[in-house]
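The values are calculated or read from the model by the stated rules, or taken from the named source; none is laboratory data. Being a predicted model, the structure only gives us computed values, none of them experimental. Reconstructed Cβ throughout: ideal geometry from the backbone, glycine too, with neighbour counts over all protein chains shown. Protein only, heavy atoms only, side chains kept; ligands, DNA and RNA dropped before computing areas. Shrake-Rupley method; radii C 1.70, N 1.55, O 1.52, S 1.80 Å.
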Amino acid sequence: MTPIHARNQYPSSVVAAVALSALLAGMASFSCRPSTPSLCSVTFVASVKPAGWGEPVYLTGDNAKLGDWDPAAVPMERRSDSVFTVTRQFPRGTHIAYKITAGSWWVEALNQSEALYSNFHLTVDRDMTVTVEIFDWLNRMKNGRPVYGTFRFDPRRPPVTLDGLWRYHSGDDPAWAAPALDDSAWPVVGSYLVWEQPTEPRWNGIGWFRFRMYVDSSLWNTTVALRVSQLGASEIYYNGRLLYSCGTVGSDRSATRPQATTAWQPLRFDPQPEQLIAVRYANDDVARQKRLGLSPGFILTLRDLTTAFRSDVQAREDSTRQIGFTVVALLLFILHLFLYGFLRQQRQHLYYAVCMLGFAGVIYFNYQRTIVPDVADVLLFLRLNGVAVAVAIFFGVLTIFETAYERFPKRIWFFLVLFVLLAIGSMAGVSTAIISRANYGFFILTAAEGLIAAFAKNTKNTAGGVIPLVGFVILSIFVTLQILIDYAVIPGVFGLTQVYVYGVLSLAVSMSVFLSYNFARMNRGLERQLVTVRELSEKTLEQERQAHALALERRVIELESERKSRELESARQLQLSLLPKEVPAVDGLEIAAFMKTATEVGGDYYDFFLSDGSLTIAIGDATGHGLRAGNMVTATKGLLHALAPGSRVDEILTAANRAVKQMDLRMLTMCLALARIEGRALSWASAGMPPLLIHRGSDGSCEQLVLKAMPLGAVREFPFASRSVPLHAGDVVLLASDGLQEYFNARRETYGVEQVMASLHRHANRPAGELVAQLYADAQQWGGDEPLADDLTMVVVRMHDGLREASTVSAATSGNRT
């Protein structure tokens with residue numbers, strides 16, 4: 001018998017114990033002196049209710065100062081007939097678990113409900129006193145033997161479990177069943193056959209166990225229930241006579257037939273105080289059963305008849321539940337197998353059908369192994385149960401993946417490897433404890449996948465996703481409860497020890513509802529599509545009648561488009577003919593021009609005018625693109641040829657503005673800039689054009705000439721202004737339309753005047769023809785693959801001391817005009 005770990009229980013203390021505890025706490029308070037502030041004293045007080053208790057009382061726990069769960073390691077000092085105390089020091093913050101015994105796990109303290117106390121838990125954060133009220137003891141001992149009376153078979157108490165205090169002798173001799181046999185030299189062992197210590201005996205396949213006890217006269221001639229649980233074969237002797245056989249203990253190994261369990265059998269106590277139970281036990285498969293994590297020995301359990309009868313009723317109810325849950329899982333298997341047969345594209349129904357088959361196996365094998373008598377069947381069902389769990393979980397993962405994703409994630413290979421390892425390990429006889437923990441981990445990963453699929457954004461558009469999520473939550477709750485029950489943290493839930501099946505059933509039903517809902521939803525979608533097809537079929541004839549008319553209309557549109565394309569091409573040729581055929585050759589100037597239109601007919605324009613030793617450069621941008629913009633360019637060129645000679649650049653813009661406004665072209669306007677270079681001076685006037693840029697050859701600086709004004713044709717009278725600046729050898733002048741500064745990239749960001757100036761600075765020393773080409777290349781690199789959104793025109797003039805040959809200038813610049 002070993003301690004179990006469970007919740008705290010702190011009963012209230014009696015008045016005397018409280019007074020004594022306060023006194024002891026006051027005395028012990030000096031243990032936490034300033035010199036050793038990390039140690040605190042805890043005084044444990046046991047208040048024993050049974051009157052006249054004369055045996056020692058012990059403290060035990062999970063700490064070395066508490067004996068490391070040795071039930072007789074820490075004796076408590078008797079303070080009165082019913083109060084026992086002991087004080088121990090612990091580092092501050094220590095968490096301890098402890099219990100009270102009378103020197104053996106056979107004599108544990110009971111609470112007011114005649115039940116065993118769960119482990120008490122305490123976090124030491126100061127000097128303190130804790131009190132445990134003991135209302136009785138699990139067993140009473142005399143001369144190292146238990147004493148049984150009617151009090152021990154109170155239905156509220158735990159059953160009498162005979163798993164220790166056995167005298168053992170290896171070998172086989174029928175005389176060892178006799179009560180008079182002196183067995184005092186036989187070693188005392190537990191009956192589980194989990195003997196690991198060097199001082200413990202070795203098992204050689206068969207042996208005898210003898211258990212001596214005292215029976216109070218209150219139990220004489222009283223009948224109780226006896227049951228043996230084992231993985232071998234046994235013969236039960238009571239006071240020297242054979243009482244029952246469980247399996248067959250043969251004279252050799254071949255004749256031994258193990259049996260796992262028996263039903264409750266009656267045991268009538270003889271009317272004598274000293275009594276003996278002897279067990280002749282055989283098991284030749286101990287090593288393999290240990291590897292599986294099983295106890296190869298036996299346990300005898302004694303209970304009152306009423307409680308034993310209730311446990312039989314419970315067993316029958318378990319069988320009924322086994323049948324019911326198994327049938328439900330099999331019905332769901334058949335249902336979803338048929339759904340898959342009806343629509344093979346929905347493979348989630350096939351996966352879920354196999355998942356339900358696995359769950360049916362889990363329920364069946366898990367219940368069946370507890371009731372079948374044959375040990376070989378028990379071991380087989382254990383292995384099959386491990387495989388069924390792995391099948392259920394893995395195909396549950398496949399159901400999630402198929403339902404949620406268009407393609408299986410790559411992590412499906414991890415789940416496949418884990419499934420194969422668990423299945424092989426279960427059939428190969430790996431420890432059931434290892435397989436169980438691995439399957440719990442497998443389930444946790446699967447539950448995590450369910451949550452990921454429920455909340456991920458890149459999953460299929462399946463409706464009703466909250467339904468299986470609710471099922472997973474319920475299953476997780478019941479699996480958590482099952483883990484707590486398996487590890488003896490809680491005794492059960494409403495008297496049930498196999499609660500996971502209710503979670504499985506909840507998940508199974510929720511998944512079936514979810515899959516069926518989506519199946520029905522898809523069918524409704526197909527029905528709507530059929531209605532749509534029918535309606536479309538009715539419209540087909542009308543569409544065919546309209547097809548010829550549409551084809552004829554389309555042909556007319558194509559012919560019209562071809563006519564307009566021819567007109568646009570003619571307009572484009574006209575626009576190109578309006579541009580200078582070559583840049584002029586002027587002493588001391590190197591000139592280059594560049595144009596690229598965004599459409600067939602652009603709105604940009606540039607021109608050169610020579611008069612009396614001066615060069616006038618015009619650059620403009622008509623509103624929009626296409627044919628109307630081309631017409632505006634044509635009109636502007638005619639006006640400039642008439643106005644340019646002899647007039648100032650601002651006067652030219654004023655006269656051109658009046659003329660354009662008088663044309664009444666409505667929303668059509670013209671942005672225009674004029675730059676006149678006369679000697680070493682430049683005059684500049686602008687009507688809505690970007691600033692003129694000058695790169696100074698002397699210091700590498702870059703200037704902007706900004707004149708804000710309305711475009712031509714916007715208002716009838718506008719006071720256009722002009723600016724004059726000196727020019728020197730090595731200076732570079734750049735006139736450009738807004739298509740350069742407003743060149744867009746993929747993020748819809750504009751190139752900007754700062755980057756134009758930076759590009760001009762980088763390439764200012766190049767010849768004019770190469771300079772305009774590099775300016776466009778830098779802008780194009782900024783824009784990437786974005787198409788040109790606006791016409792782009794540039795004119796570059798470099799100042800020299802001497803005269804460049806006209807033919808050289810023409811060759812260098814004519815290739816730069818697009």
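For the stretch 187-287, the orientation-averaged shadow of the C-alpha convex hull comes to 7.0 nm² (one quarter of the hull surface).
For the stretch 629-679, report the translational diffusion coefficient in µm²/s to the nearest whole number, using Stokes-Einstein at 4 °C, 1.567 mPa s, and a Kirkwood Rh over Cα pairs.
On the way: Rh = 11.6 Å.
Answer, rounded: 111 µm²/s.
Only protein heavy atoms count here; under a 1.4 Å probe, Tyr606 has an accessible surface of about 0 Å². Over the stretch 286-334, all Cα pairs binned in 10 Å intervals from 0 give whole-percent P(r) values of 20, 22, 30, 25, 3, listed from short to long.
Taking the square roots of five times each eigenvalue of the Cα gyration tensor of the stretch 639-714, the equivalent ellipsoid has semi-axes of 27, 15, 7 Å, listed largest first. For the stretch 621-747, a simple Cβ point-charge model (Lys and Arg +1, Asp and Glu -1, everything else neutral) yields a dipole of about 300 debye relative to the Cα centre.
Multiply the residue separation of Lys142 and Lys708 by 0.36 nm, subtract the distance between their alpha-carbon atoms, and state the gained length in nm to one decimal.
192.1 nm
Could you calculate the contour length gain from Ser701 to Gln265, that is, 0.36 nm times the residue separation minus the distance between their Cα atoms, to one decimal place in nm? If you can, show how the numbers build up before the last one.
Values: separation 436, 0.36 × 436 = 156.96 nm, distance 11.18 nm.
Taking 0.36 nm per residue and subtracting the Cα distance, the gain is 145.8 nm.
Each of Leu193, Leu181, Pro75 was placed along the dipole of the stretch 66-199 (beta-carbon charges, centred on the mean Cα), and the one lying farthest toward the positive end is Pro75.
Semi-axes of the chain's equivalent ellipsoid from the Cα gyration tensor, sqrt of 5 times each eigenvalue, largest first, rounded to whole Å?
That gives 104, 38, 23 Å for the three semi-axes.
Expressed as a fraction of 2.2 N^0.38 Å, the C-alpha radius of gyration for the stretch 113-215 is 1.46. Accessible area ranking (1.4 Å probe, heavy atoms, ligands and nucleic acids excluded), largest first, for Thr750, Thr222: Thr750, Thr222. Estimated from helices alone, the mean residue ellipticity of the chain at 222 nm is -14000 deg cm²/dmol (sum of -39500 (n - 2.57) over DSSP H runs with n ≥ 4, per residue). Taking a probe of 1.4 Å, how large is the accessible area per residue of the stretch 301-399, in Å²? That works out to 44 Å² per residue. Largest accessible area first, the residues Cys246, Cys671 order themselves as Cys671, Cys246 under a 1.4 Å probe with ligands, DNA and RNA left out.
Legend: residue pairs Lys539/Lys564; Lys581/Lys661; Lys99/Lys290; Lys142/Lys290; Lys99/Lys142; Lys581/Lys637, Cα-Cα distance threshold 25 Å; pairs beyond threshold, Lys539/Lys564; Lys581/Lys661; Lys99/Lys290; Lys142/Lys290. Evaluated over the Cα positions of the stretch 267-394, the convex hull gives a direction-averaged projected area, one quarter of its surface, of 10.9 nm². Relative to the dominant Cα principal axis of the chain, helix 347-368 is inclined by about 10°. The fraction of accessible area contributed by carbon and sulfur in the stretch 331-435 is 71 percent, rounded to a whole number (1.4 Å probe; ligands and nucleic acids excluded).
Quick one: pull the percent of accessible area on the stretch 679-803 belonging to carbon and sulfur, 1.4 Å probe, ligands and nucleic acids left out.
Numbers: 2760 of 5540 Å².
Carbon-and-sulfur percentage of accessible area, whole number: 50.
What's the Kirkwood radius of the stretch 350-451 in Å, using all Cα pairs? By the Kirkwood definition, the hydrodynamic radius is 14.0 Å.
For Val48, the solvent-accessible surface with a 1.4 Å probe is about 10 Å², rounded to the nearest 10. Note on the stretch 59-153: Cα-only Rg and Dmax are 14.2, 45 Å. Given a Förster distance of 35 angstrom, what is the FRET efficiency for Thr532 paired with Leu552, based on the Cβ-Cβ distance and rounded to 0.05? That gives a FRET efficiency of 0.75.
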